[in-house]
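What follows is calculated from the coordinates using simple rules that are stated; it is not laboratory data. This one's a predicted model, so the numbers in the text were calculated from it and none came from an experiment. Every residue, glycine among them, receives a Cβ derived from its backbone with ideal geometry; neighbour counts consider all protein chains shown.
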């Protein structure tokens, strides 16, 4: 490994976002499906696995040329395997995604970090309704996103960063979490900062992410 890069940015919710937590117990009157939370603070988080998995699947569809079909992991483009890792052949991921925590709690304190959204599905055959309540992270909540990148080949670093930036653009045109077809999970990525292991800013790499800032479908 030739070094490390740290990519930091803000992930901002534009619409309610639902990344499900455990539903092993639900008190009477509580939401049927809650969001995943930090065990220490009780505040919602965005798991690193959710971000990594979504970026990889979006890139896999994009590079396969078939947006309707998600290829098998073994058929992923070599650039994806290089960046995100693979099991066959065994290859370590160059990027590591940390869980993202709320960074504007005080700003959102009066509004609240989450809401409970009531939904209803209707059985077409019987017309029987199935009401449910889903907890979502409120619009405007900001999470601090941190991605660590292992520099293994200086010649490939820029190409890897371009691929990661492309995935981030696709995410802002798609959604994160569940219920995206009903409007949930629209997010924005902004305020990028890239440093190396010596805590020195890497403006050359930051330029790659400039086009990612506020690339969302619903711009202000």
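Data table
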| read-out | value |
| --- | --- |
| Binned Cα-Cα distance frequencies in segment 43-88 - 10 Å width, integer % | 27, 50, 18, 5 |
| Spin-label model distance (nm) - residue 125 vs residue 87, 7 Å beyond Cα toward Cβ | 3.5 nm |
| In degrees, nearest ten, helix 48-64 long axis to first principal axis of the chain (Cα) | 70 degrees |
| Inter-probe distance in nm under a simple model that places probes 7 Å from Cα toward Cβ, at residue 69 and residue 199 | 5.1 nm |
| Inter-part distance where segment 77-113 and segment 144-220 are each reduced to a Cα centre, Å | 10 Å |
| Cα-based helix-to-principal-axis angle, 154-172 vs the chain, degrees rounded to 10 | 20 degrees |
| Mean ellipticity per residue at 222 nm, deg cm²/dmol - from DSSP H runs of n ≥ 4 across the chain, formula -39500 (n - 2.57) | -7500 deg cm²/dmol |
| Segment 3-212 - percent relative contact order, Cα under 8 Å, separation 6 or more | 37 percent |
